[in-house]
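Okay, so here's the structure we're looking at.
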Amino acid sequence: MKHYRWRHEMWGLVFIAPWIIGFIAFQLYPLALSFYYSLTQSSLVRAGNFVGLDNYIKIFANDRDFWPSMKVTLLYTIMAVPAKLAVALLVALILNKNSRIMNVYRTIYYLPSILGASVAISILWRFLFMGEGVVNQLLAAVRLPRVNWLGDPDVALYTISLLVVWQFGTSMVLFLAGLKQIPAELYDAASVDGAGKLRMLGVITLPLLTPIIFFNLVMQMIGALQEFTAAFIITNGGPMKATYLIGLKIYDEAFQEMRLGYASALSWILFACIMFVTLLLFRSARSWVHYEDGGKA
């Protein structure tokens, strides 16, 4: 019996070994190596001397671009994430109908989520919002003033945020799955009591969707704090560093300034910020995330 159990356990280890090896080689080892690099003056071409916490001290005390880039990243997250979730929920409510044609519409609405993060779409976005781009031509056609979407420091961050909002497909699918799980009897009972659509949205739909809202909020927040592609391709951090996200600063330090150790320290600071914000969200979830069994997060 023991021999049979041992063989079972061995086969289990054999089947899980590819994942374990991949996790150690491509996640755990690079993570540990980046932390070590953050304590050195390493570059991309040579290993540097061990300097302890000097990189972190320089970032907080002497780096004039660090705090502005963190501020821009925070503003970007505050703008993009709620707008993206609101659009995703609105589209999910519209598509929450039983119809054959709805499957086609759901696929169409999901496509931006697949294409939106690519470099090609970011380049297209830049051409759409450039000075003589399609958007300004449409504004001129209806006799509205042109907007300097990418050259105005007060507008550029909103412009790149629109690209992320456009990628609402994944959140929309999750919201749609949650809407399908809400019992129709609840809406029928509320309708008998005279509740309107908005009332049912507030007292039935949104409370029962809070677990999915919370999941989408956490995942989208993590993604927004690490955003890089849109700022790099569309504005390259400009104008006047109005879109200089922390992800773009990490890239510049590592590949432009060749300071791998400094960039690694920035990455770990960003990781700590993401962990802190995530913990705050989990703590706040106790007061607003509700489950069907009446419990809370």
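The values are calculated or read from the model by the stated rules, or taken from the named source; none is laboratory data. Small disclaimer: the values here were computed from a predicted structure and weren't measured. Note that each Cβ is placed from the backbone with ideal geometry, even for glycine, and that neighbours are counted across all protein chains shown. Just so you know, the surface numbers come from the protein's heavy atoms only, side chains and all, with ligands and any DNA or RNA stripped out. Shrake-Rupley method; radii C 1.70, N 1.55, O 1.52, S 1.80 Å.
Roughly speaking, what is the stretch gain from TYR29 to ASP152, that is 0.36 nm per residue apart minus the C-alpha to C-alpha distance, in nm to one decimal?
Going from the current span to full extension adds 40.1 nm.
Less than 11 Å Cβ to Cβ from PRO68, Lys/Arg counted +1 and Asp/Glu -1: what total charge do the surrounding residues give?
With Lys, Arg at +1 and Asp, Glu at -1, the neighbours total +2.
Accessible area, 1.4 Å probe, largest first: how do MET10, MET102 sort?
These residues rank, largest area first, as MET10, MET102.
Hey, rough spin-label estimate for MET240 and GLN181, points 7 angstrom out along Cα→Cβ, what's it come to in nanometres?
Rounded to a tenth, the inter-label distance reads 4.7 nm.
So if I average 1/r over every pair of distinct C-alpha atoms in segment 191-277 and take the inverse, what Kirkwood radius in Å does that give?
Computed over segment 191-277, the radius equals 15.9 Å.
Could the peptides 157-167, 136-146, 76-86 be put in order, highest first, of the mean number of other beta-carbon atoms found within 10 Å of their residues?
With the highest mean Cβ count within 10 Å placed first, the list reads 157-167, 76-86, 136-146.
Treat the chain as a sphere of radius equal to its Kirkwood radius over Cα pairs and apply Stokes-Einstein at 10 °C in a medium of 1.306 mPa s; give the translational diffusion coefficient in µm²/s, rounded to a whole number.
Roughly 70 µm²/s, to the nearest whole number.
Give me the percent of accessible area attributable to carbon and sulfur for the chain, probe 1.4 angstrom.
68
Kindly rank 225-233, 272-280 from highest to lowest mean number of other beta carbons found within 10 Å of each residue.
225-233, 272-280
Rounded to the nearest 500, what is the chain's calculated 222 nm mean residue ellipticity when only DSSP H runs of at least 4 contribute -39500 (n - 2.57) each, over all residues?
It comes out at -21000 deg cm²/dmol, rounded to the nearest 500.
Kindly state, to the nearest 0.05, the FRET efficiency for LEU206 paired with ALA47, given R0 = 51 Å and r defined as their beta-carbon distance.
So the FRET efficiency works out to roughly 0.45.
In segment 155-188, which residues have a backbone nitrogen under 16 Å from the label point lying 7 Å from GLN137's Cα in the Cα-to-Cβ direction?
Answer for this model: none.
Counting alpha carbon pairs within less than 8 Å and at least 6 residues apart, what relative contact order, in whole percent, applies to the chain?
27
Within the chain, which complete DSSP H helices have Cα atoms spanning at least 15 Å along the helix axis and a mean Kyte-Doolittle hydropathy of -0.5 or higher?
Passing helices, by number: 2-23, 66-95, 100-115, 119-129, 169-181, 206-225, 260-288.
Mark the label point 7 Å from the Cα of ASN103 along Cα→Cβ and return the residues of segment 165-181 whose backbone N is within less than 16 Å of it.
Once the point is set 7 Å along Cα→Cβ of ASN103, nothing inside segment 165-181 turns out to lie under 16 Å by backbone N.
Compute for segment 15-100: radius of gyration divided by Kirkwood radius, i.e. Rg/Rh, restricted to C-alpha atoms, rounded to two decimals.
1.23
Please give the length that would be gained between ALA61 and TYR291 if that part of the chain were fully extended, namely 0.36 nm times their separation in residues minus their C-alpha to C-alpha distance (nm, one decimal).
The span from ALA61 to TYR291 would gain 78.3 nm if fully extended.
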